[in-house]
Amino acid sequence: MARFAHILAHRLAHNLVSGIVLGVAVAALSGCVERRIWIDTEPRGALVWVNDAQVGRTPVDLAITHEGTYDLRIEKEGFEPLITPATTEGPIWDMVPLDLVVEILPIKARNESRWKFTLVPRDDSENALVDRATALRDRLRGEAAAGGEGQKAGEAELGQLEERVEDKPADPAVDQPAQPRP
C-alpha cells in the first residue's frame, strides 16, 4: 500500500509540474494584439486631444485598447481648431469571437489606423469675424425656432421677467460708482 501511495504521489507531482510548464509555455507563446492610431496634420506640430486627453503634437501615435469612435480635437496657432469624431476600423480578426482566438494564438497581430487632417488657416480680419458671428447668430436662431414648446415657454417666462424689471425704478447702488470708505 505504501508503494502504491508513493507511485500515486510521484505521478501527481509529475502531472502538476507538467501542467505548470505547459501553462507557462502557452502564456509565453500566446500572441498579442497591438492596436495603434497614427495622427498627422498638414502643417505638422498641432496639439492633439483624444477623448479629452492631450496626447501630443503631430505627428503622434498612440496605443488603443479597442477599435471604435474617438472624439478628436486638434489645435494649432493661426489655424481653425478641428473638433470631430474619428473612427478606427478593425480587421475581421478583431471581431468577437475571432479576437479571442487571435489573442491566444502564438502570433503577433497588429492593426494601425492612420488619420491625416489638413488644417485651415484662420482669418482674423474684421470681415471674417463678422461673418462668423452672423453665421453663429443665424444657426442659434434656427435652433431656437426648432426648439419646440420648452423653448417657447422659456421665452415667455423671460418676457415676463423683462416686463417686471422695466416697471421698477433703477437701483441707485447699481447706477452709482463705488465710493471709497472714509
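Tabulated data
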quantity	calculated
Close pairs from segment 140-164: first surrounded by 11 or more Cβ atoms within 10 Å (Cβ to Cβ), partner part of a helix (DSSP H, G or I) and at pLDDT 70 or above, Cβ under 7 Å, at least 6 apart	GLN151/ALA144
Given (1) surrounded by fewer than 16 Cβ atoms within 10 Å (Cβ to Cβ); (2) touching a residue at least 12 places away in the same chain (Cβ under 8 Å), number of the condition ALA135 does not satisfy	(2)
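The values are calculated or read from the model by the stated rules, or taken from the named source; none is laboratory data. It should be emphasised that the depicted structure is a prediction, and the values quoted were computed from it without experimental measurement. Note that each Cβ is placed from the backbone with ideal geometry, even for glycine, and that neighbours are counted across all protein chains shown.
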